[in-house]
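The values are calculated or read from the model by the stated rules, or taken from the named source; none is laboratory data. Computed from a prediction, not measured in an experiment: that's the story for all the values here. Reconstructed Cβ throughout: ideal geometry from the backbone, glycine too, with neighbour counts over all protein chains shown. Only protein heavy atoms, including side chains, enter the accessible area calculation; ligands, DNA and RNA are left aside. Shrake-Rupley method; radii C 1.70, N 1.55, O 1.52, S 1.80 Å.
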Amino acid sequence: MDQMLTITDVSRRSGVASSALRFYEERGLIASERAGSGHRRYHRSALRRIAFIVFAQRIGLTLEEIGAELAKLPVDRVPSRRDWSQLSSVWAKRIDQRIAELQRLRSGLGECIGCGCLSIDRCRLANPADLAGRKGPGARYWLG
């Protein structure tokens, strides 16, 4: 227990609120041990898992997806740099998709909202002959 960190230490070092750490623990994303007093104690390796969780959330992964990714890590030892590298390498496609989506949104701001017509069924720039309307209701161009 000497090398273990308190929830306050982990919160301070990770920048994640103690309540979020308890939530992550409830979801099985991180683990703690209980001291004789009943207080949570975390291995230092939990800091890397928390950094992974925060980063994964920022690129749009759900907690379920994050849990599935973390489950790929070894349970019999502390994950190595190589383990983390392999895990995160599969995200390149996801990040590229996110970038492309944001670029479409940015260009849409200038074309659709910027023209001022606010009539998507008559817009000759973004929706000639109401092609989007034939594909179904909703934001068809953004749904893919």
Out of all the residues in the range 31-42, which are under 23 Å from the mean Cα position of the chain (by Cα) and in a loop (DSSP other than H, G, I, E, B)? Ala31, Ser32
Counting only residues that are touching a Lys or Arg at 6+ places or on another chain (Cβ under 7 Å) and closer than 21 Å to Arg22 by Cβ, the range 60-86 contains a total of 3
Test for Ile30: is it touching a residue at least 40 places away in the same chain (Cβ under 8 Å), β-branched (Val, Ile, Thr) and closer than 14 Å to Val16 by Cα: no
Within the range 47-85, residues surrounded by 13 or more Cβ atoms within 10 Å (Cβ to Cβ), out of contact with any Phe, Trp or Tyr (no Cβ under 9 Å at 6 or more places or on another chain) and farther than 25 Å from Ile99 by Cα come out as Leu47, Pro79, Asp83
As an exercise: evaluate Arg124 against (1) among the basic types (Lys, Arg); (2) part of a loop (DSSP other than H, G, I, E, B); (3) at pLDDT 80 or above and give the number of the one condition it does not meet. (3)
When only residues in the range 47-63 that are in a helix (DSSP H, G or I) and among the aliphatic types (A, V, I, L, M) count, which is modelled with the lowest pLDDT? Ala56
Which one of these is at pLDDT 95 or above, open to solvent by 70 Å² or more (accessible area, probe 1.4 Å) and touching a strand residue (DSSP E or B) at 6+ places or on another chain (Cβ under 9 Å): Arg34, Arg12, Arg44, Arg22? Arg22
